[in-house]
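**Student:** Can you keep this structure in mind? I'll have questions shortly.
Only the coordinates and a few stated rules stand behind these numbers; no lab work does. Keep in mind that this is a model prediction, so the values were computed, not measured. Here Cβ is always computed from backbone atoms with ideal geometry, including for glycine, and neighbour counts include all displayed protein chains.
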Amino acid sequence: MVKKEEKITAEVVVLELEELPRKWGWLLTLGILMLVTGSIGLLQSVAMTLVTVLFFGAIIMVSGTFALVQSIMAKEEQWRGKMVHVLLAVLYIGAGALILVNPVAASAALTLLLGSIFLAMGIIRIVYGFRLRKLGWKWIMPVIIGVIDILFAVILGISWPVSGLWVIGIMVSIELLMYGWMLTFTALTARKMAKQTK
């Protein structure tokens, strides 16, 4: 059964790779668009942060609205079961509305949450690294990454709430640049494949 699934997955990957040469133009366009957006985001990190937070708020609000409609229309016989879903949906809508009303405060709160996550990840990585000391030099890399995570969390904490205005924008911009380069190189490779098959 597992081998059959692996064979189907391999066939899907092959089919997708065969489609790449035909769609390299779209990939290149999307890659360039991401590169341009990411570059603008790095230059205008505050604007990128606010746009990202507003987009996040809108998604939460829309998700909550759909969940509310679905909860009301669901054929749940017991009101207690329906009530939990309705309350969660209302909570989603309320959170989305708060983000849309005050994106600056929301970005500061999200940055504080992000800093806490980096701090927790750093501590976990350092503990994990020290547990690997018996395996030789392999323990050093998790410890170094953990220390970097903690330093980043400390920088976010020291510069908070001002860091809330630029951190999210810079992280989203870097992500866009990375995906942009990946798609651009994939498109150029697909274009070369298309020329070779002609």
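**Student:** Quick check: anything in segment 183-197 within 24 Å of Ile40 (Cα to Cα), outside any loop (DSSP other than H, G, I, E, B) and of a type in the set (Gly, Ala, Ser)? Can you show your working first?
**Tutor:** Of the residues in segment 183-197, the ones within 24 Å of Ile40 (Cα to Cα) are 183-188.
Filter once more, so that each one left must be outside any loop (DSSP other than H, G, I, E, B): 183-188.
Then keep just the ones that are of a type in the set (Gly, Ala, Ser); that gives 187.
Checked segment 183-197: at least one residue is within 24 Å of Ile40 (Cα to Cα), outside any loop (DSSP other than H, G, I, E, B) and of a type in the set (Gly, Ala, Ser).
**Student:** Does Met171 count as closer than 29 Å to Ala109 by Cβ, loosely packed, with under 14 Cβ neighbours inside 10 Å and under 19 Å from the mean Cα position of the chain (by Cα)? If you could, list the steps in order and put the result at the bottom.
**Tutor:** Working: closer than 29 Å to Ala109 by Cβ: yes; loosely packed, with under 14 Cβ neighbours inside 10 Å: no; under 19 Å from the mean Cα position of the chain (by Cα): yes.
No: the conditions fail for Met171.
**Student:** Applying the selection to segment 128-143, what residues are surrounded by fewer than 13 Cβ atoms within 10 Å (Cβ to Cβ), free of Cβ contacts under 8 Å to residues at least 12 places away in the same chain and either under 27 Å from the mean Cα position of the chain (by Cα) or not in a helix (DSSP H, G or I) (or both)?
**Tutor:** Restricting attention to segment 128-143, the residues satisfying the condition of being surrounded by fewer than 13 Cβ atoms within 10 Å (Cβ to Cβ) are 130-131, 133-138, 140-141.
If we keep only those that are free of Cβ contacts under 8 Å to residues at least 12 places away in the same chain as well, we get 131, 133-138, 140.
If the condition is that a residue be surrounded by fewer than 13 Cβ atoms within 10 Å (Cβ to Cβ), free of Cβ contacts under 8 Å to residues at least 12 places away in the same chain and either under 27 Å from the mean Cα position of the chain (by Cα) or not in a helix (DSSP H, G or I) (or both), then Gly136 is the only one that fits.
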